[in-house]
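Data block below; observations after.
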Amino acid sequence: MTLSFMTLLNRARPALMCVLATLLVLGVGATPSSQQMQFDPNIKGPLPRDFKNSPGPALSGIYDFRNFNFGIGITECPQARLAHIFPDPLDRRDIDDVERLSDAGNDLRTNEEFSCAPQNETSIAVNPTNTRNIVGGANDYRVGTGSSGFYASTDNGRRWFSGIIPFPSIPPPANPALTNQGFLVSGGDPATVFDRAGVAYYAQIAFNRNDDTNGVFVARSTNGGYTWTRARVGGAAPNPRLPGDGVVVYQEDNNTLPDGSVPIHDKEYIAAGPRPAGVSPQCFTPQHTPTACVPERVGVDRLYVTWTSFNPFTFPTCPIPGFPSPCTLIVSSTIQVSYSDDQARSWSPRRTINGSASFCTFAFASETGCDDNQYSSPTVSPSTGHLYVAFENFNTPDENQYLVVRSKDGGQTFEGPFFVSVDFDVN
């Protein structure tokens, strides 16, 4: 039996129903002992996110709306702060005072389109070779599902062109029970960055709405963010897209339900910077095994993507009384990293980097593992090329904590985690 985290907590902790979000997951290989499998929040072990009577880190907001259809009952809506690049619509509605006041302001609107759908979770980057070039990203719902919206300007933000990042293409499923439409229909969690040559990159998660097939992908733009590459999972030859182009990680579902039975990759972020001294470019096959780089494809910078991997474990005997066995529960949420030297065309095998420390408790696989995390943010030193990854950790008896890990060799090995600060609640 596979159970989503929300289902488990709704039944096991009814008082928490108003504060929980549905959690999806990723796989982990530890084997629990019979003592750890007791349903007791006071012991360390593979409990269903119950060690602080709270759900731990939640999946990103884009998953909250995976089954929503926005704007289906609206034919027109307020359109304040448009730059009037396009002819005005023939609206039949009355313009109210709120829209009139908003339209008189001096904010610059980036989404030059007329859909009655929201955007959220924004990201923005400035081209270091041409600072009038700005690229933004947001969860954009204009096509009826959460998608990765992009917004580009080459006149210092006065006028913008916007659209949707091309949906990553995927091959026919290996699981005969699955069907797909040849691409992942939903996306979000935008993260934008430029390298020192002025090439723009857009990192995103993408996933199916009706099952757990999902992944992390990076699109590339060489014209200031007006057009973007389309990530390609699988394939044997260029078409002209290279097989594996833009695919950081891809996970096909193992059944036909959105129930968290396979790894869910979430909350990615991206950084670009020089390779550390002594580190040479390294490229990879679509299966993420090392291969020689094609020199003309090597970028000036190394790209790093970090994200959270939500990990399930299937218990032969379910640790929650009254639940049928076997059952699948979330047991950890680990920070992952992958890098690219060829402008996001190929990516290194993902690596878990959150580590362990004496200030981490209640871990699944060890006494001091820091395995309950979310919200990673990578930064590259422009002088040394050293990589720093900060993240929020939930392996504490009370307040959460901010931790950071460091790599001096281009993401091959990491030091830490190092404690930064307690994350105090605001209420």
Problem set entry | Sites R406 and L82, calculated FRET efficiency, Cβ-Cβ separation with R0 51 Å, nearest 0.05 | 0.65
Problem set entry | FRET E, pair A292, D425, Förster distance 56 Å, beta-carbon r, rounded to 0.05 | 0.65
Exercise. Per-residue HN-Hα couplings for the stretch 101-112, Karplus 6.51 cos²θ - 1.76 cosθ + 1.60 at θ = phi - 60°, whole Hz, x for Gly and Pro?
Worked result: 5, 5, 6, 8, x, 10, 5, 9, 8, 9, 8, 7
Problem set entry | Sequence-distant residues sharing a close amide H with R345 (under 5 Å, placed H) | G246
Exercise. Any idea how far apart N156 and T413 come out in nm if each label point goes 7 Å out from Cα toward Cβ?
Worked result: 4.9 nm
Seminar exercise, completed: On the formula 1/(1 + (r/R0)^6), with r taken between the Cβ atoms of D103 and I124 and R0 of 22 Å, the FRET efficiency rounded to 0.05 is 0.45
Problem set entry | For a label point 7 Å along the Cα-to-beta-carbon line of T222, residues of the stretch 274-317 with backbone N under 18 Å | 293-303
Exercise. Hey, if you drop one equal point scatterer on each alpha-carbon of the stretch 128-279 and run the Debye formula without solvent, what base-10 log of I(q)/I(0) do you get at q = 0.08 Å⁻¹?
Worked result: -0.25
Exercise. Modelled label-to-label distance, D94 and T179, 7 Å Cα→beta-carbon offset: nm?
Worked result: 4.8 nm
Seminar exercise, completed: Expected vector for the stretch 210-226, Karplus 3J(HN,Hα) from phi with 6.51, -1.76, 1.60 and θ = phi - 60°, integer Hz, x for Gly and Pro, equals 9, 8, 9, 4, 7, x, 10, 9, 10, 9, 10, 10, 9, 10, x, x, 8
Problem set entry | Furthest towards positive pole of dipole, S333, H288, G273, structure part the stretch 241-337, Cβ charges | G273
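Every read-out reported here was derived from the displayed coordinates using simple, explicitly stated rules and does not represent laboratory data. This structure is a prediction, so every number in the text was calculated from the model and none was measured. Because the Cβ atoms are built from the backbone with ideal geometry, glycine has one as well, and the counts that use them run over all protein chains shown.
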